[in-house]
1. Taking the condition of a type in the set (A, V, I, L, M) and assigned to a loop (DSSP other than H, G, I, E, B), does Ile168 pass?
2. Say we look at the stretch 129-142 and pick out the residues that are part of a loop (DSSP other than H, G, I, E, B) and either of a type in the set (Gly, Ala, Ser) or under 20 Å from Val46 (Cβ atoms) (or both); which of these is most open to solvent (accessible area, probe 1.4 Å)?
3. Give the stretch 182-201 a look and list any residue that's in a helix (DSSP H, G or I), under 15 Å from the mean Cα position of the chain (by Cα), among the small types (Gly, Ala, Ser) and over 11 Å from Leu76 (Cα atoms), or say none.
4. Output the residue which, of all residues in the stretch 1-38 that are outside any loop (DSSP other than H, G, I, E, B), under 18 Å from the mean Cα position of the chain (by Cα) and not hydrophobic (A, V, I, L, M, F, W, C), is surrounded by the most Cβ atoms within 10 Å (Cβ to Cβ).
5. With the structure loaded, tell me whether Leu114 is more than 14 Å from the chain's Cα centre (by Cα), modelled with pLDDT under 95 and closer than 30 Å to Val64 by Cα or whether it fails that test.
6. Under 6 Å between Cβ atoms, which residue pairs at least 6 apart in sequence (or on different chains) link something in the stretch 143-169 that is under 18 Å from Gly130 (Cα atoms) and open to solvent by 30 Å² or more (accessible area, probe 1.4 Å) with a partner that is of a type in the set (Lys, Arg) and in a strand (DSSP E or B)?
7. In the stretch 49-77, what residues are within 23 Å of His183 (Cα to Cα) and assigned to a loop (DSSP other than H, G, I, E, B)?
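The values are calculated or read from the model by the stated rules, or taken from the named source; none is laboratory data. Just so we're clear, the structure is a prediction, and the values are computed from it rather than from any experiment. Positions of Cβ are backbone-derived with ideal geometry, glycine not excepted, and every protein chain shown enters the neighbour counts. All accessible areas refer to the heavy atoms of the entire protein, side chains included, with ligands and DNA or RNA removed. Shrake-Rupley method; radii C 1.70, N 1.55, O 1.52, S 1.80 Å.
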Amino acid sequence: MIGIIDYDAGNIKSVEKALHYLGEETAVSRDPEVLLKADKVILPGVGSFGEAMEHLHRYGLVPVIHELVERKTPFLGICLGLQLLFESSEESPGVEGLGILKGKIVKIPPSPGLKIPHMGWNSLHLQNEGRLFRGIPEQTYVYFVHSYYLQAEDPQIVKAVTDYSTCIHASVEKDNVFACQFHPEKSSRWGLKILENFAELGKEEL
């Protein structure tokens with residue numbers, strides 16, 4: 001069963017629908033007992049960094065997420081869910097993120113002819129043999145919606161990048177923690193393949 005963390009940050013239904021399409025059983029919950037029993041857990045999210053962290057604290061989910069990671073439960077952050085895994089964001093100065101991964105979230109720099117937020121399809125350059133990207137072709141297009149982006153501290157955890165005004169770290173993996181800045185659930189065939197790869201991860205691969 002795949003747990004989907006419900007903390008009032010949107011985008012849950014589309015993630016749930018994509019997983020059901022793949023034949024996966026899901027539980028949308030903020031109940032620690034339900035989430036800690038899940039085989040895998042997804043942290044979705046759209047919205048602001050500060051508000052999302054406030055919700056995670058309000059529902060007592062911050063220690064639950066840390067416990068899931070410590071238990072080596074496969075964990076996937078999507079969009080804002082990726083950003084929350086890091087230490088801080090320029091979007092919400094003074095607000096601490098989950099701090100599970102090292103890096104900073106910064107605003108996409110302005111560039112002539114490019115709109116911010118970055119909204120639409122961009123191609124991925126794959127690197128460092130990401131487990132989420134098994135069977136995914138180089139330069140696959142996926143769907144993004146964001147104004148802030150990740151600069152990961154350790155280049156080895158970066159498994160996919162895209163170019164939009166600057167080099168954006170689009171996906172990271174470290175041990176049992178996975179994250180995508182783009183929305184695999186809205187990225188057609190290859191996005192579903194990425195979710196399928198996550199759902200099929202075995203303990204021996206972590």
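1. No; evaluated as a whole, the condition is false for this residue.
2. Gly135
3. Gly191
4. Within the stretch 1-38, the match that is surrounded by the most Cβ atoms within 10 Å (Cβ to Cβ) is Gly3.
5. So Leu114 does not fit the description; no.
6. Pairs found: Gln151/Lys104.
7. Leu61, Thr73, Pro74
This table checks each residue for (1) farther than 29 Å from Asp6 by Cβ; (2) modelled with pLDDT of 95 or more; (3) touching a Pro at 6+ places or on another chain (Cβ under 8 Å).
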| residue | (1), (2), (3) |
| --- | --- |
| Gly97 | no, yes, no |
| Pro110 | yes, no, no |
| His146 | no, no, yes |
| Leu150 | no, yes, no |
| Gln156 | yes, yes, no |
| Val177 | no, yes, no |
